[in-house]
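For reference, the structure discussed in these notes is given below.
The values are calculated or read from the model by the stated rules, or taken from the named source; none is laboratory data. As the structure is a computational prediction, the values presented were derived from the model and not from experiment. Cβ atoms come from the backbone with ideal geometry, glycine included; neighbour counts cover every protein chain shown.
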Amino acid sequence: MAIFERIPVGDLFGKTPYMPLHKHIEKVNECADELRPLVEAFIAEDYDRVEELANKISNLEHEADKVKTDIRIHLPRRLFMQVDRGDILSFLKKQDTIADKVEDAAHLIQIRRTKVPEEIRDDLLEFVDSVKSAVDALEVAYSELNRLLETSFGRKEHDKMLKLINKVDHHEWKADELQLKMSKKLFEIEEKLDPLSIWFLIRIINEIDAVADYAEDSGDQLRTMIAK
Amino acid sequence: MERINIKLELIVIAAIIVGLYMAWNIGANDVANSMGPSYGSGALTLKQVIIIAGIFEFLGAVLVGSHVTDTIRKSIVDLDGLIAAGVTPDMFIYGMFAALLASGLWITVATFYRLPVSTTHSIVGAVAGFGLIVAITSASSGVGDVVNIGKLLEIAASWIVSPISGAVLSFIIFMVIRNKILDQDNPLEHAERLAPYLVGLVVAIISLSMVFKGLKNLGLDFGFAEALAISIVIGIIAGVITLFWVRGYKPKVKDEYQQVENFFKYLMLLTACYIAFAHGANDVANAIGPLAAVVDVVESEEITAKISVPLWILALGGIGIVIGISTWGYKVMETIGRKITEITPTRGFAATFGAATTVLICSKLGMPISTSHTLVGAVVGVGLAGGVGALNLGVIKRIVYSWILTIPIAAILTIIIYKLVIFIV
């Protein structure tokens, strides 16, 4: 380590948040990975497994939080960046909420032994897959950011990235459709169910749908980030 | 008479030692900054950077270094003005030695405190300080009679203009790379198409700087038109060679942008030579300018700078720089390299090209400027074109502060040392 040095050119370079942001979306997506097993255990009424998965989700959410805090600390105001600092922080916040919503859904499933009626089971699994696809699409879109920065916002890469972000919206829309379908079905068979179960199921479905909503919001923020 | 000569010889030896130290410090720190992007982008290994820097800093110093050296030794203070103010050859020698020593001391302190001070600013402030004390102690001469204020203002203006010029040139070059290469389908093909022009341009500029008024030491002296013609021919030859080389070029990776970056590593080899050459040409004067003045006066026994800067003095400066690189500069380069891993070869090429072109033109015009500051400007230029991830613009503020500090401190130190030397002698 040299001490006797003058290095204005070296000091000029700051650390970019893009790699840590990528680590963050990875952690968030790891949370979302557990949604399908969680819902499967929920349907199978395997409450030990539900407990185990809810704890796992909680830990992953905490890890994502740590990455988030780290990014915030290392993003000083004086840095001059290709992407607006405020846009990055909003994106980070929205992306972090995805993991929060997974955790919220897990808690709802965890606190009450609600039975999932036969009639919506297939739809519920398809719904969960759509939600997960939305988060996956977000991660894929974000991964393209590196290439966009590499071309310093070339039109070609910009268009490519916008198309990838559109996929997030598509999966979110599909999840919304399934949510509506399941809600209708629940009320069609309302005589068979106790009101509290309906209320819980609706809430759980809403909470899982919020995961896709925030993936869409993050995608929107990503659009703002790369708009030049 | 004998006694005085021994004293003068001692001063010359001391000036050589201090000059060598300055050259060492330039090699240790400033070269590392100039080569930062070449190494940090991963285009060159540390060994390659050191070899290129060693060779081309030396060549730049010897072949083009005399212009800025002339500015330092005879344009900041007016030699006739000094004589009119009653300065004897001995006093002139002490004064120039004081300027060199003051500059060396301030650079040492600044380096310890990591201030982004420029050796250029330091030596200019120091020599001006010598002029100032002569004017103050002389009854008949004012500051304007001794210090060439017009020239000083011109130099000060060049310190503001050079980083801006670096920024503008690098911005343009990077925009060309971005629009004509990166934003195209099949970017590597476009990079290969553009490469012969880029290589030809760089080679032509370097050749022009050497051929035009640069080879007097080798007994060759061309006018501008001839020099331009020769340089264009050399540039075209380089371009054609590149054309053939490109035909045989096979990318080793699949990712299309990585292909372009890898391709630019080869072009960076050229800009690395370019900036080392330009830097040697400009900064060698900071170490040996006053030494050249001293030697001239000792030999002719009057205050004059009629003969051109002796080759051995330029070579001495060049050697000092090379020693600086190999004994300390490589460590500083490693530190810088670790800090700027986010720069890629396309960005490094643009920044280095902009800075080197600015520095080389200034060297030919005899303008002593700071290469590091120019390169900082050039990197900011690439950043403004959206090419750099995150820039810490606080550095610019620190540069401005150091700039404002350096001039008076170097001048005052020179005055103190000069008075001490006169007192002791």
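Things to note:
- Put simply, of B:ALA43, B:ALA61, B:ALA15 the only residue that is in a loop (DSSP other than H, G, I, E, B), farther than 19 Å from B:PRO408 by Cα and at pLDDT below 95 is B:ALA43.
- Taken across the stretch B:121-141, residues that are in a loop (DSSP other than H, G, I, E, B), closer than 25 Å to B:ILE336 by Cα and without any contact (Cβ under 8 Å) to a residue 24 or more places away in the chain do not occur at all.
- When the stretch B:142-154 is limited to residues that are surrounded by fewer than 21 Cβ atoms within 10 Å (Cβ to Cβ) and touching a residue at least 40 places away in the same chain (Cβ under 8 Å), the one that is nearest to B:LYS419 (Cα to Cα) turns out to be B:ASP145.
- For the stretch A:1-43, a residue qualifies if it is in a helix (DSSP H, G or I) and of a type in the set (Val, Ile, Thr), and the qualifying residues are A:VAL9, A:ILE25, A:VAL28, A:VAL39, A:ILE43.
- Some residue of the stretch B:386-397 being among the charged types (D, E, K, R) and in contact with a helix residue (DSSP H, G or I) (Cβ under 9 Å, 6 or more places away or on another chain): no
- Checked against the criterion of being free of Cβ contacts under 8 Å to residues at least 40 places away in the same chain and out of contact with any strand residue (DSSP E or B) (no Cβ under 7 Å at 6 or more places or on another chain), the candidates B:ILE26, B:ILE13 yield just one match: B:ILE13.
- Filter pass, B:GLY386 being within 9 Å of chain A (Cβ to nearest Cβ), surrounded by 17 or more Cβ atoms within 10 Å (Cβ to Cβ), part of a loop (DSSP other than H, G, I, E, B) and on the phi > 0 side of the Ramachandran plot: yes
- Looking only at the stretch B:125-165, residues that are touching a strand residue (DSSP E or B) at 6+ places or on another chain (Cβ under 8 Å) and polar (S, T, N, Q) come to 1 in all.
- Residues of the stretch A:11-46 satisfying the condition of being of a type outside the set (A, V, I, L, M, F, W, C), in contact (Cβ under 8 Å) with a residue 40 or more places away in the chain and away from chain B (no Cβ under 14 Å): A:LYS23, A:HIS24, A:GLU26, A:LYS27, A:ASN29, A:ASP33, A:GLU34, A:ARG36, A:GLU40, A:GLU45
Per-residue answers, yes or no, for (1) of a type outside the set (Gly, Ala, Ser); (2) in contact with a helix residue (DSSP H, G or I) (Cβ under 8 Å, 6 or more places away or on another chain); (3) within 23 Å of B:SER75 (Cα to Cα); (4) modelled with pLDDT under 95:
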site: B:TYR113; (1), (2), (3), (4): yes, no, no, yes
site: B:VAL127; (1), (2), (3), (4): yes, yes, yes, no
site: B:ALA139; (1), (2), (3), (4): no, no, yes, yes
site: B:PHE174; (1), (2), (3), (4): yes, yes, no, no
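- Here B:ILE160, B:ILE173 are screened, and the one residue that is in contact (Cβ under 8 Å) with a residue 60 or more places away in the chain and either surrounded by 15 or more Cβ atoms within 10 Å (Cβ to Cβ) or not in a loop (DSSP other than H, G, I, E, B) (or both) is B:ILE173.
- There is at least one residue in the stretch B:339-360 that is surrounded by fewer than 24 Cβ atoms within 10 Å (Cβ to Cβ), assigned to a helix (DSSP H, G or I) and facing another protein chain (nearest Cβ under 10 Å).
- Candidates B:VAL31, B:VAL68: the one that is farther than 20 Å from B:LYS331 by Cβ and surrounded by 24 or more Cβ atoms within 10 Å (Cβ to Cβ) is B:VAL68.
- In summary, helices (runs of 4 or more DSSP H) completely within the stretch A:67-173 and bearing 3 or more residues that are at pLDDT 95 or above, more than 14 Å from chain B (Cβ to nearest Cβ) and crowded, with 19+ Cβ neighbours inside 10 Å occur at A:85-111, A:118-143.
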